[in-house]
Amino acid sequence: MVFCYFPGCTLSTTAAKMDNYARLSARALGVTLEDIPEWECCGAVFPLGTDEIAPKLSVIRALLHAKKMNRALVTLCSACHHVFKQVNNQASNDADFRAAVVAYDSALDYAGDTQVLHFAEVLKLYIGFDNVKNKVVNPLSGRKIGAYYGCMLLRPGKIMQFDDPENPSILEDLIRALGAEAVPFPYRNECCGGYRALKDKNKTAKMSENVINSAIKKGVGEIVTACPLCEYNIRKSVGSENSDIPVLYLTEILAEALGVKGDGHV
């Protein structure tokens, strides 16, 4: 199976581990993640203004490339995934937006026909968690892992369509396939503080601490996430510094269970 892959800026720099573990795991599962050529930053935030065209053009170019290749486009970073789903939805449902894009660049005639998938959806829908389980060589037995979704993967639910925004289960199902005990906790789908860190570090620390404390109360031994910003905020929060709970990328435990964690540079 071959998918067009948008790694994004953070996965090419400070979160390179998450990207590398994804590529190693994909290869072990018979999946090829083929980079979008000359990809550009997605912008990290979806502009809500209807007249904001230029910040979305890099996403349109990537989506159009995947369409021409007749492949789904896969993302991993929660922020990138959020932007791609939002722009794809706008291209599909907003004729004025499409016309404005074409007026900006006639080569970007795109109507939202590319399927956008998160890497976790590839594992569930195209490989199947039972098949992932069969590929596990190092079961994560005895480990109590809590999946932290954050907010961008799940909301707005009608557009993201990743999972139930209030009671998601896809990441817990993956954790169980890897042999660990999945431990849901109340704040797993609440915001970590995100970009508030730029203006109010104390507020972000408090929000991230709420996530950590919620996990501790449920007996979580490790937290995994698919968002580099969430990983950073939670790991740096007061709660995480005062606890022994490691905060890991989802792809790291996947690579570990598949026995490929040490197969490439990270």
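The values are calculated or read from the model by the stated rules, or taken from the named source; none is laboratory data. Nothing here was measured: the structure is a model prediction, and the numbers come from that model. Here the Cβ positions follow ideal geometry from the backbone for every residue, glycine too, while neighbour counts run over all protein chains shown.
Can you tell me which of (1) touching a Lys or Arg at 6+ places or on another chain (Cβ under 7 Å); (2) crowded, with 21+ Cβ neighbours inside 10 Å; (3) closer than 23 Å to Lys135 by Cβ; (4) hydrophobic (A, V, I, L, M, F, W, C) is the one Val247 doesn't meet? That leaves (3) as the condition not met. In the set (1) surrounded by 19 or more Cβ atoms within 10 Å (Cβ to Cβ); (2) touching a Lys or Arg at 6+ places or on another chain (Cβ under 7 Å); (3) more than 26 Å from Asp163 (Cβ to Cβ), Val101 fails one condition alone, (2). Annotation note: of Tyr148, Tyr126, the sole residue that is at pLDDT 95 or above, outside the structural domain of Ser25 (by TED's automatic domain parsing) and buried (at least 17 other Cβ atoms within 10 Å of the Cβ) is Tyr148. For the stretch 9-21, check the following and say yes or no: at least one residue is at pLDDT 95 or above, buried (at least 18 other Cβ atoms within 10 Å of the Cβ) and of a type in the set (Asp, Glu). Checked against the condition, which is being at pLDDT 95 or above, buried (at least 18 other Cβ atoms within 10 Å of the Cβ) and of a type in the set (Asp, Glu), the stretch 9-21 yields at least one hit.
Considering every residue within the stretch 99-106, establish whether at least one is closer than 19 Å to Trp39 by Cβ, outside any helix (DSSP H, G or I) and touching a Gly at 6+ places or on another chain (Cβ under 9 Å). Within the stretch 99-106 (the criterion being closer than 19 Å to Trp39 by Cβ, outside any helix (DSSP H, G or I) and touching a Gly at 6+ places or on another chain (Cβ under 9 Å)), the answer is no, since none of the residues qualifies. With respect to the stated conditions, Ala54 fails to be over 23 Å from Met160 (Cα atoms) and not assigned by TED's automatic domain parsing to the domain that holds Ala226. Within the stretch 18-66, being over 18 Å from the mean Cα position of the chain (by Cα) and in a helix (DSSP H, G or I) holds for Arg27, Ala28, Ala54, Pro55, Lys56, Leu57, Ser58, Ile60, Arg61, Leu64, His65, Ala66. Within 15 Å of the chain's Cα centre (by Cα), farther than 30 Å from Asp244 by Cα and not assigned by TED's automatic domain parsing to the domain that holds Asp244: does that describe Leu73? Yes; evaluated as a whole, the condition is true for this residue.
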